[in-house]
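Chemist: Below is the structure I would like to discuss, written out as structure tokens.
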């Protein structure tokens, strides 16, 4: 061979062979536990944990497949058609012989409640967030934040009861001619429900604004009010918008408050004093009946749920994207 | 399974002896405390106030079943149902939630494609957290409660375990007797002298009156007499281990559905708890030669446990208050006792409140269902307050430990 001129080559090769086949001398007499069991355990646990994670994907896939599949079932029924559903202006699944399935009255009711809720939650939540992040002393913050969290933990039926027993009579006492069930009291209760979401997410966004921006604004002679409103809030705007979107998604999906306080009559109206029905309200009122009854009314909840799922999912996705982009901006 | 629908739909159970006895006992107790309602109207405002106070939360309010009258109503079964559903739910969400969070936080891949995949999983979870709970309710109703109708209806399940059937007859003396049968659809042939069970479990010999027979006179015989063509409803008696395949309106279906609702919340809070564990601890373990799982098991998880517990308890308090998904599963049912097994009918506290709050208010009567609903809300809030206090305590422990 061409490298055979290397001196001591044979000896070198011999030692190399030996070391390849044998353990070092110091380890030759020891017996080692096989690593196979450990490797298998690691692999097995990793697989089990991956299965747990895949379960979350399964939930999403099942929701989408179920809603789409059952909605097809709904549209294959003789009483329904896609055009009526998407463009119809009347929703009356139970009353009379003619059953009408036009989604717009439900969407209109949902939007009415959501807009009122956001009108309550956004200003109050934003002011709370600005106070907590810019003005409140540390000690007060430590007290106020848990109270805000406690507000977020109150069950929705309690808010519904509150709307029914406190808000509606209060509105009537003020002089508004509201029905017993009405959109405005439900909307206000949903707004109170969304307040902690808006406040805590906006506060996170405000606190994430770097200190140097504030210092610069103070250096230019700004007052605390100027700095908070003209520097910090615009800098955290994307976070605030995402908080708003996530809270709106929550308001749209809220069920118990509207089922209790908003009524059960689907109609196309923009008058918040009347009783309305939301998408979730329709589902809840159907569920109080018998579920094993597979009629057209039963399948209608899937079609409505698909619309609801689509709206809330898009709001949540946009909200999360906006928040992620904002998080990257100052890091 | 003693369920009576609120709207007065006749379920297959006429009032049974023990309930009647219980009700009369409650009535007699109430007679001591609360004066008759005709007298109540004549009471002064002050006394009315006192009456309201007496009728709200006390020991019997916590144990009594819901009743058609607001004075007799209690939250016993609903409270038990809430506890069952919540505990059942935590059995499911704890392993799944913590497992997912550990996988996403502690086994981060280095491969670029896998990293993208794990980002997608994360996005999926945060989107799941935004899905309205009623959509989960519809999912649970279709997948767990009716199982797409694949296994028949819950009233006539495809697969049943630990269930015994009885035919229920009302004798001519207005007594309830049960005749055991082996299958749900089996109709027993009534014959003279066959044994039947009374509701307290004692055996009696039935006296069957045919078309030609004479109608007995004395009460003794009337109590065990049945017309030969009388029809009875099926009553199912479930053992504690009973199981059926479409889960129906059961505790199991409800707890699995609630698990879906709070799983994203649990995952996100557990991830935050794991993220709060200092990296130096993990590096130390790895430096000592720990495998990834050994690091997680012996170092990261023990350090993160208070944080994880906080998240789980807060999620459980959310689960207790959640009503919409359970409404989709069970509808509004009134039951006289809490669930006895996983396949039992149940009601939960928020649904009970929902039902009571929707009851019409009678202006003339100072005591109505709004007061009962308010009492139930106070109990619910007290439970939540206890949960939250424990969570806050644990969080303080966690912060102390890690700082």
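Chemist: Farther than 24 Å from residue A:129 by Cβ, buried (at least 21 other Cβ atoms within 10 Å of the Cβ) and within 13 Å of another protein chain (Cβ to nearest Cβ), is that true of residue A:180?
Modeler: So residue A:180 fails the test.
Chemist: Which of the strands (runs of 3 or more DSSP E) contained wholly in segment B:161-208 include at least 2 residues that are touching a strand residue (DSSP E or B) at 6+ places or on another chain (Cβ under 7 Å) and under 29 Å from residue B:245 (Cβ atoms)?
Modeler: B:176-181
Chemist: Please pick out the residue among A:213, A:246, A:229 that is surrounded by 22 or more Cβ atoms within 10 Å (Cβ to Cβ), assigned to a helix (DSSP H, G or I) and assigned by TED's automatic domain parsing to the domain that holds residue A:112.
Modeler: Every option except A:246 fails the conditions.
Chemist: Looking at the structure I just gave you, is residue B:78 on the phi < 0 side of the Ramachandran plot and in a helix (DSSP H, G or I)?
Modeler: yes
Chemist: Return yes when residue B:269 is surrounded by fewer than 24 Cβ atoms within 10 Å (Cβ to Cβ) and in contact with a strand residue (DSSP E or B) (Cβ under 6 Å, 6 or more places away or on another chain) and no when it is not.
Modeler: No; evaluated as a whole, the condition is false for this residue.
Chemist: Being closer than 16 Å to residue B:68 by Cβ and at the interface with chain A (Cβ under 9 Å from one of its Cβ atoms) is the filter; apply it to segment B:358-375 and report the residue that is modelled with the highest pLDDT.
Modeler: Filtering segment B:358-375 for residues that are closer than 16 Å to residue B:68 by Cβ and at the interface with chain A (Cβ under 9 Å from one of its Cβ atoms), the one modelled with the highest pLDDT comes out as B:373.
Chemist: Same structure, new question: Quick one: residue B:311 ticks every box in (1) touching a helix residue (DSSP H, G or I) at 6+ places or on another chain (Cβ under 7 Å); (2) outside any helix (DSSP H, G or I) except a single one, so which number is it?
Modeler: Single failed check for residue B:311: (2).
Conditions tested, residue by residue: (1) touching a helix residue (DSSP H, G or I) at 6+ places or on another chain (Cβ under 6 Å); (2) buried (at least 24 other Cβ atoms within 10 Å of the Cβ).
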| position | (1), (2) |
| --- | --- |
| B:65 | yes, no |
| B:70 | yes, no |
| B:78 | yes, yes |
| B:82 | yes, yes |
| B:88 | yes, no |
| B:91 | no, no |
| B:96 | yes, no |
| B:101 | yes, yes |
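Conditions tested, residue by residue: (1) surrounded by 14 or more Cβ atoms within 10 Å (Cβ to Cβ); (2) away from every other protein chain (no Cβ under 11 Å); (3) within 30 Å of residue B:131 (Cβ to Cβ); (4) touching a residue at least 24 places away in the same chain (Cβ under 8 Å).
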| site | (1), (2), (3), (4) |
| --- | --- |
| A:31 | no, yes, no, no |
| A:34 | no, yes, no, no |
| A:41 | no, no, no, no |
| A:45 | yes, no, yes, no |
| A:49 | yes, no, yes, no |
| A:53 | yes, no, yes, no |
| A:57 | yes, no, yes, no |
| A:67 | yes, no, yes, yes |
| A:75 | yes, yes, yes, yes |
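Chemist: Within segment B:288-310, which residues are closer than 13 Å to residue B:94 by Cβ and either under 31 Å from the mean Cα position of the chain (by Cα) or not assigned by TED's automatic domain parsing to the domain that holds residue B:270 (or both)?
Modeler: Hits for segment B:288-310 are B:305, B:308, B:309.
Chemist: Output the residue which, of all residues in segment A:298-320 that are farther than 18 Å from residue A:103 by Cα and either more than 9 Å from chain B (Cβ to nearest Cβ) or not in a helix (DSSP H, G or I) (or both), is modelled with the highest pLDDT.
Modeler: The extreme case among them is A:314.
Chemist: Would you confirm whether any residue within segment A:159-169 is exposed (fewer than 15 other Cβ atoms within 10 Å of the Cβ) and either in contact with a strand residue (DSSP E or B) (Cβ under 6 Å, 6 or more places away or on another chain) or under 30 Å from residue B:381 (Cα atoms) (or both)?
Modeler: Yes - at least one qualifying residue is present in segment A:159-169.
Chemist: For residue B:330, state whether it is under 26 Å from residue A:305 (Cβ atoms), at pLDDT 90 or above and within 12 Å of another protein chain (Cβ to nearest Cβ).
Modeler: no
Chemist: How about segment B:376-385: which of its residues are over 24 Å from residue A:181 (Cβ atoms) and within 9 Å of another protein chain (Cβ to nearest Cβ)?
Modeler: Correct list: B:381, B:384, B:385.
Chemist: Mind telling me which of the residues B:287, B:233, B:248 ends up being more than 30 Å from residue B:194 (Cα to Cα) and surrounded by fewer than 18 Cβ atoms within 10 Å (Cβ to Cβ)?
Modeler: Every option except B:287 fails the conditions.
Chemist: So residue A:98 fits all but one of (1) surrounded by fewer than 13 Cβ atoms within 10 Å (Cβ to Cβ); (2) within 14 Å of chain B (Cβ to nearest Cβ); what number is the exception?
Modeler: (2) is the only condition that residue A:98 fails.
Chemist: Could you tell me which numbered condition residue A:113 fails, if it satisfies all but one of (1) within 14 Å of another protein chain (Cβ to nearest Cβ); (2) more than 30 Å from residue A:265 (Cβ to Cβ); (3) modelled with pLDDT of 90 or more?
Modeler: Only one criterion is unmet by residue A:113, namely (2).
Chemist: Just give me the residues in segment B:143-160 being more than 18 Å from residue B:331 (Cβ to Cβ) and not in a loop (DSSP other than H, G, I, E, B), in sequence order.
Modeler: Hits for segment B:143-160 are B:148, B:160.
Chemist: Among the residues that make up segment B:311-326, is at least one of them surrounded by 19 or more Cβ atoms within 10 Å (Cβ to Cβ), more than 20 Å from the chain's Cα centre (by Cα) and within 13 Å of chain A (Cβ to nearest Cβ)?
Modeler: Taking every residue of segment B:311-326 in turn, at least one turns out to be surrounded by 19 or more Cβ atoms within 10 Å (Cβ to Cβ), more than 20 Å from the chain's Cα centre (by Cα) and within 13 Å of chain A (Cβ to nearest Cβ).
Chemist: Is at least one residue of segment A:232-239 more than 26 Å from the chain's Cα centre (by Cα) and outside any helix (DSSP H, G or I)?
Modeler: No, the conditions are met nowhere in segment A:232-239.
Chemist: Hey, among A:221, A:263, which residue is over 27 Å from residue A:109 (Cα atoms) and not in a helix (DSSP H, G or I)?
Modeler: A:221
Chemist: Only residues that are more than 9 Å from chain A (Cβ to nearest Cβ) and surrounded by 24 or more Cβ atoms within 10 Å (Cβ to Cβ): list them for segment B:336-351, please.
Modeler: Within segment B:336-351, B:343, B:346, B:347, B:348 qualify.
Chemist: Take residue A:133 and tell me if it is modelled with pLDDT under 90, away from chain B (no Cβ under 13 Å) and on the phi < 0 side of the Ramachandran plot.
Modeler: Criteria not met by residue A:133.
The values are calculated or read from the model by the stated rules, or taken from the named source; none is laboratory data. Treat the numbers as computed from the prediction; the structure is a model and nothing was measured. Quick reminder, even Gly has a Cβ in these numbers, built from the backbone with ideal geometry, and neighbours come from all protein chains shown.
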